[in-house]
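Written below as structure tokens is the structure these notes are about.
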Amino acid sequence: MSYNITLIPGDGIGPEIAEAARRVIDATGLDINWEMAEAGEAVIERYGTPLPEHVLESVKKNRVALKGPLTTPVGKGFRSVNVALRQKLNLYANVRPAKSLQGIVTRYRDVDLIVVRENTEDLYAGVEHLVGRDAAEGIKIITREASERVCRHAFDLARKQGRKKVTAVHKANILKLSDGLFLECARKVAEENPDIEFEDMIVDAMCMKLVQTPERYDVLVMPNLYGDIVSDLCAGLVGGLGVTPGANIGTEAAVFEPVHGSAPKHAGKNKVNPLAILLSGVMMLRHLGEDRAAGRIMGAVGAVLEAGESLTYDLGGTAGTSHMADAIIERL
Ligand code: NAD
């Protein structure tokens, strides 16, 4: 079986981690034709946009992409390319597992969570305007369609992976209409799935509980902005942004990318951890049904982590991005 897969290297540290992940995945012997598609800051001058049409076309054609992070300027400049990509390809569910890995020592041992984040609306849609000169208004959009769809995805995922519980996270005590609608949808979908335990929790309480007793939680489903924040919190439980992968699942395509951003201060230094994007690649291989190759990569990653050598700075080592990838390839 051969595959055409779009590879979007991205900005900042993107190109170096994407290259590391590509080398490891290729070393499994799978026949992959990587279609390179550049997006982000670097292409604005060439194409007049950070998200050229041919990049979208490539993902639509191949239906699968592995993506590095893309920079979004703060407070000014172009809108988020990540948000545009998710909206244009209707990538409605952002699935971000946070699982303790053997060999990575943190304060927590048995974390095995999946954050399922609604990916197309909420405050994250970036619909805002100035009201006069001294006020600004941001609009939080929550729809029944998107809320039910992401909740269904969470329950389906729970069942597929043999998980026990779905927790809907919200702030419906304050945002009675918008988060109230999300919660109503979550409860409706829960009723359709009586085999899976369901509970709901207010987002601030959820954050405290995740820090205190993360092992009590399983699949978490929530609107976009809470998902953005809670998934970084969960990354912190298992070793940080350097080891936390993600998948954007949609009707037309699936785009796999790490939770972390483009970390510009580390760009070009061959320094950061390639695991987050590599584990996103492992999620991609499972999505393609290539479980054996995925398992082999996980075995090699486990062996490198256990050995405690060839680790990047965030895991207490001094190895570079490419060295860590080399060590994983050696263990394959
Ligand atoms: P960031 O995730 O890029 O980096 C925060 C810190 O986390 C880094 O300084 C570094 O210390 C650490 N880190 C991140 N990735 C790491 C890795 N692979 N290995 C080791 N350490 C790592 O967050 P930021 O600095 O807030 O954002 C930078 C840019 O990335 C912004 O423009 C933001 O909009 C963008 N961003 C993009 C995405 C995406 O493409 N999906 C996601 C988040 C942020």
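What follows draws every value from the coordinates through simple rules; no lab data is involved. Source: prediction; values computed, not measured. Every residue, glycine as well, gets a Cβ built from its backbone with ideal geometry; the counts of neighbours run over all protein chains shown.
Tyr47 label point, 7 Å along Cα→Cβ, cut-off 18 Å on backbone N: hits in the range 62-90? 62-73, 78-90, by backbone N distance to the label point. Highest mobility in the GNM of the chain, judged by mean-square fluctuation with C-alpha springs under 10 Å and restricted to Ala205, Ala319, Ala186, is found for Ala205.
Under the combined filter of DSSP loop state and at most 14 neighbouring Cβ atoms within 10 Å, the range 68-117 retains these trypsin sites (Lys or Arg not before Pro): Lys76, Arg79, Arg107, Arg109. The label-point distance for Lys269 and Ser2, in a model that sets each label 7 Å from Cα toward Cβ, rounds to 4.0 nm.
GNM remark for the chain: springs join alpha carbons under 10 Å apart, and the peak mean-square fluctuation among Val301, Val211, Val131 falls on Val131. If we count every other residue with Cβ under 10 angstrom of Phe155's Cβ, Lys/Arg +1 and Asp/Glu -1, where does the sum land? Every neighbour counted, the sum reads +1.
Reported value for the chain: 140 Å³ per residue, from the convex hull of its C-alpha atoms. Annotation: extensible slack from Met298 through Arg79 equals 75.3 nm (criterion: 0.36 nm per residue apart, minus Cα-Cα distance).
I'd like the FRET efficiency for Arg286 and Val131, computed as 1/(1 + (r/R0)^6) with the beta carbon distance as r and R0 of 45 Å, rounded to 0.05.
Plugging the Cβ-Cβ distance into 1/(1 + (r/R0)^6) gives 0.45.
Model label sites at Lys60 and Leu177, defined 7 Å from Cα along the beta-carbon direction, differ in position by 3.5 nm. Subtracting the Cα-Cα distance of Thr213 and Ser322 from 0.36 nm times their residue separation leaves 35.7 nm of extension gain. Only residues of the range 144-170 count here: report those whose backbone N is under 19 Å from the spot 7 Å along Cα→Cβ of Glu191, or say none. Under cut-off, by backbone N: 144-156, 166-169.
The helix-based estimate of mean residue ellipticity at 222 nm for the chain, built from -39,500 (n - 2.57) per DSSP H run of four or more residues and divided by its residue count, is -12500 deg cm²/dmol to the nearest 500. For the range 1-134, pairs of C-alpha atoms spaced more than 21 angstrom apart make up 55 percent of the total. In terms of surrounding Cβ atoms within a 10 Å radius of their Cβ, Tyr47, Tyr217 rank from fewest to most as Tyr47, Tyr217. The packing ranking, built from the mean of other Cβ atoms within 10 Å per residue, places the peptides 188-201, 219-232, 250-263, 50-63 in the order 219-232, 250-263, 50-63, 188-201, highest first.
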